[in-house]
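Structure first, then comments.
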Amino acid sequence: MSHPAEEDDPFEDVREETDNPMRRLFAEYGRENSLQFVVGTLASVVARVLDLMPPLVLGVAIDALFNEGANLTFAEAAAQTLPLLTPAMLDGVVPATREGQFYLAIGLIALGFFGGSAFHWTRNWGWNSFAQNIQHDIRVDTYNKMQRLNMDFFADKQTGEMMSVLSNDVNRLERFLNDGMNSFFRLSVMVVAIAVILFTMNWQLALVALVPVPLITFFTWKFIKTIQPKYADVRSSVGQMNSRLENNLGGISVIKTSNTEDFESDRVDDVSMEYFDANWDAIGTRIKFFPGLRVIAGIGFVLTFLVGGLWVLSGPPGPFTGSLELGQFVVFITLTQRFIWPMAQFGQIINMYQRARASSARIFGLMDEPSRIAEDPDADALDVTDGEVVYDDVTFGYDDDETIVEDVNVTVPGGDTLALVGPTGAGKSTVLKLLLRMYDVDEGSITIDGQDLRDVTIPSLRRQVGYVSQDTFMFYGTVADNIAYGTFDADEESVVEAAKAAEAHEFITNLPDGYDTEVGERGVKLSGGQRQRLSIARAILKDPEILILDEATSDVDTETEMLIQRSLDDLTADRTTFSIAHRLSTIKDADQIVVLEGGRIVERGQHDELLAEDGLYAHLWGVQAGEIDELPQEFIERATRRTSRTGAESDD
Ligand code: ADP
């Protein structure tokens, strides 16, 4: 699930709109880092030119110094090897004595190596910092964007896919920017420079030396065509294998208790074997590639050696004309070899480019994902005076085809407590998520002190509406960090105060490091009740104007619940509070109770009034208080229908 094959791309729809993602990448991110880019490119060119110096100087030295038969001066030999130079240009530069020329040659060769190293370093610095800066910027931007996406985006189980965009895709882009582009420039400079040198030195022999180029191009193209679908198979089988392993490790306790170890071992064996097969298939193709290339490169070498060798030995063979010196022959042989391999690498670079392009399409796809909840550019900060909250004819559904909340009308005067009661799935949490503007209402409106939620800024709203949820998430960090989460400027004293008010102080001081105990996945495990009390402490510290308690006390034992209730009473005393509780005893003193069923308010009033009405609330109360054993049959039937529907939903 978290390793999608590239084929099922969650951002497919957006992707088509992201045309030319690579151009966009450079326009949006390359510009800021253009200095590194320019430095990297220039250094790359210089480094390559310096790399070519030793073999060229070797060729010149052979003809001018070691091969008496050539009878050439140093300047003449140089001009013959590099026809861009003329002997006149070298006047006064080349020493007159043979000895001096010999040391000049050594000096130039040394310069080629040492100067080359310095420029290779500069090139790597330029390219690496270019790639690193861009990957960092992109990752942070993508994360920031993702964080602002609507909850429904996350609800579609896309966390795995997003994780894969944030890590795999960004990394792949980095790899291309770093290795791919780097190699591309390096190889282009090499290929162009070598081709120019060979052709200007002796175009006829250059044609012979380059016979393998079309062969190599064809061979590489063929290889990429063959290997690509095989790599796709490998990736998809890795995905399947990882999903299986993840799933099994997550469900290890079920495997053990159901005694299905052998069954699961077989299943893992199967997916691992599929991966093995896919991989082996790709390996089979891959290991043929380099030996094949060697054969083609060998053909070039042998041909050049044959023609060039005959030429040096006994003048131009067959249709060839002109002269060829020994030194030139040596330069030919060395440079041809340096020419062949880059040609083969272009294929890999094209491959890398294509993958990087797909990755940046995915990244921009995510960045372009529209937010359904858009903040009005003219929005003002929410100004809570009384804390009066009004739901006016609110209707909402997560999907277009199913209404979850229908025609909800509630007015909660400032400072009052409204309790929401009803069976699971009735829409209680949804009603409250709308108040936090996790979703926008489809019809009607919600106002706080007369201000429509859609007209105020989202941060100002969420700052003033505190939320204590049923599943409390603990972040990596200490207990104190977790209490102060969202109120980062809180001092230690107020953190402890808040913990005391939430009846959490005592258990915290019993933890190994007290308030400094690490929690979260890597830290100590807290019980559900403990986490809830931390969450309440968090809300107390935040001191919001309006408070939402979503089954805040569902996870604790009766005794703790009573303690928490006491602190909650303080917390809720003079602020507008919305409370969902399964245990009706905790909300019986609420100023208003609304009973939801199937997204509609079916009863409303205070505890005593609702009991007197003898409806759903009275029945629920009766069951909880142990006064009646059973709910009416009609209610059970409705609940069964409802749970069978939600059950089917959660299964997929
Ligand atoms: P309650 O809090 O009363 O148990 P909820 O508000 O959590 O009810 O859920 C009401 C209905 O909305 C349920 O049928 C549930 O399956 C559905 N629902 C809840 N959250 C989502 C979501 N993110 N996407 C789609 N449907 C959802």
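The values are calculated or read from the model by the stated rules, or taken from the named source; none is laboratory data. It should be emphasised that the depicted structure is a prediction, and the values quoted were computed from it without experimental measurement. Because the Cβ atoms are built from the backbone with ideal geometry, glycine has one as well, and the counts that use them run over all protein chains shown.
Do you know which residues across the range 229-260 are within 13 Å of residue 282 (Cα to Cα) and of a type in the set (D, E, K, R)?
Matches in the range 229-260: 230, 233, 235.
Considering 427, 414, which residue is of a type in the set (Gly, Ala, Ser), in the same structural domain as residue 621 (by TED's automatic domain parsing) and within 16 Å of the ligand (Cβ to nearest atom)? Write out each step before concluding.
Numbers: 414 fails: within 16 Å of the ligand (Cβ to nearest atom).
So the residue among 427, 414 that is of a type in the set (Gly, Ala, Ser), in the same structural domain as residue 621 (by TED's automatic domain parsing) and within 16 Å of the ligand (Cβ to nearest atom) is 427.
Scan the range 483-533 residue by residue and report those that are among the acidic types (Asp, Glu) and closer than 23 Å to residue 543 by Cβ.
Scanning the range 483-533 gives 489, 491, 492, 493, 497, 503, 506.
Tally time: how many residues in the range 406-457 are more than 32 Å from the chain's Cα centre (by Cα) and assigned to a strand (DSSP E or B)?
20
Could you grab me the full set of residues in the range 216-241 that are surrounded by fewer than 18 Cβ atoms within 10 Å (Cβ to Cβ) and closer than 30 Å to residue 300 by Cα?
Listed by number, the residues that qualify are 217, 218, 221, 222, 224, 225, 226, 228.
Given the conditions (1) part of a helix (DSSP H, G or I); (2) of a type in the set (A, V, I, L, M); (3) within 23 Å of residue 410 (Cα to Cα), report the number of the one that residue 595 does not fulfil.
Against the list (1) part of a helix (DSSP H, G or I); (2) of a type in the set (A, V, I, L, M); (3) within 23 Å of residue 410 (Cα to Cα), residue 595 comes up short only on (1).
Of the numbered conditions (1) within 16 Å of the ligand (Cβ to nearest atom); (2) surrounded by 22 or more Cβ atoms within 10 Å (Cβ to Cβ); (3) of a type in the set (Asp, Glu), residue 561 fails exactly one; give the number of that condition.
(1)
Can residue 478 be described as of a type in the set (Val, Ile, Thr), away from the ligand (no atom under 16 Å from the Cβ) and under 30 Å from the mean Cα position of the chain (by Cα)?
Considered against the rule, which asks whether it is of a type in the set (Val, Ile, Thr), away from the ligand (no atom under 16 Å from the Cβ) and under 30 Å from the mean Cα position of the chain (by Cα), residue 478 comes out as yes.
Against the conditions (1) within 35 Å of the chain's Cα centre (by Cα); (2) farther than 30 Å from residue 109 by Cα, where does residue 342 fall short? Just the number, please.
Among (1) within 35 Å of the chain's Cα centre (by Cα); (2) farther than 30 Å from residue 109 by Cα, the lone unmet condition for residue 342 is (2).
So residue 332 fits all but one of (1) over 31 Å from the mean Cα position of the chain (by Cα); (2) closer than 30 Å to residue 136 by Cα; what number is the exception?
Residue 332 satisfies all of (1) over 31 Å from the mean Cα position of the chain (by Cα); (2) closer than 30 Å to residue 136 by Cα except (2).
Among the residues that make up the range 547-554, is at least one of them away from the ligand (no atom under 14 Å from the Cβ), crowded, with 17+ Cβ neighbours inside 10 Å and either assigned by TED's automatic domain parsing to the domain that holds residue 502 or modelled with pLDDT of 90 or more (or both)? Write out each step before concluding.
The first filter runs over the range 547-554 and keeps only residues away from the ligand (no atom under 14 Å from the Cβ), leaving 547, 553.
Keeping just the survivors that are crowded, with 17+ Cβ neighbours inside 10 Å gives 547, 553.
Filter once more, keeping what is either assigned by TED's automatic domain parsing to the domain that holds residue 502 or modelled with pLDDT of 90 or more (or both): 547, 553.
Yes - at least one qualifying residue is present in the range 547-554.
If residue 565 passes every condition in (1) in contact with a helix residue (DSSP H, G or I) (Cβ under 8 Å, 6 or more places away or on another chain); (2) modelled with pLDDT under 70 but one, which one does it miss?
Answer for residue 565: the failing condition is (2).
Across the range 472-486, what is the total count of residues that are without any contact (Cβ under 8 Å) to a residue 24 or more places away in the chain and not charged (D, E, K, R)?
1
With the structure loaded, tell me whether residue 372 is modelled with pLDDT under 85, of a type outside the set (Val, Ile, Thr), surrounded by fewer than 22 Cβ atoms within 10 Å (Cβ to Cβ) and part of a loop (DSSP other than H, G, I, E, B) or whether it fails that test. Step through it out loud before you land on a result.
On the way: modelled with pLDDT under 85: yes; of a type outside the set (Val, Ile, Thr): yes; surrounded by fewer than 22 Cβ atoms within 10 Å (Cβ to Cβ): yes; part of a loop (DSSP other than H, G, I, E, B): yes.
Answer is yes for this residue.
Find the residue count for the range 75-91, including only residues that are free of Cβ contacts under 8 Å to residues at least 40 places away in the same chain and crowded, with 17+ Cβ neighbours inside 10 Å. Talk me through it step by step, then tell me what you get.
Step one: of the range 75-91, the residues free of Cβ contacts under 8 Å to residues at least 40 places away in the same chain are 75-76, 78-79, 85-91.
With crowded, with 17+ Cβ neighbours inside 10 Å added as a condition, the list becomes 75-76, 78-79.
Counting residues in the range 75-91 that are free of Cβ contacts under 8 Å to residues at least 40 places away in the same chain and crowded, with 17+ Cβ neighbours inside 10 Å gives 4.
Does residue 638 satisfy the criteria of being at pLDDT 80 or above, out of contact with any Phe, Trp or Tyr (no Cβ under 6 Å at 6 or more places or on another chain) and of a type in the set (Lys, Arg)?
Details: at pLDDT 80 or above: no; out of contact with any Phe, Trp or Tyr (no Cβ under 6 Å at 6 or more places or on another chain): yes; of a type in the set (Lys, Arg): yes.
No: the conditions fail for residue 638.
Do you know which residues across the range 495-536 are within 37 Å of the chain's Cα centre (by Cα), under 30 Å from residue 383 (Cβ atoms) and at pLDDT 90 or above?
495, 498 - these are the residues of the range 495-536 that are within 37 Å of the chain's Cα centre (by Cα), under 30 Å from residue 383 (Cβ atoms) and at pLDDT 90 or above.
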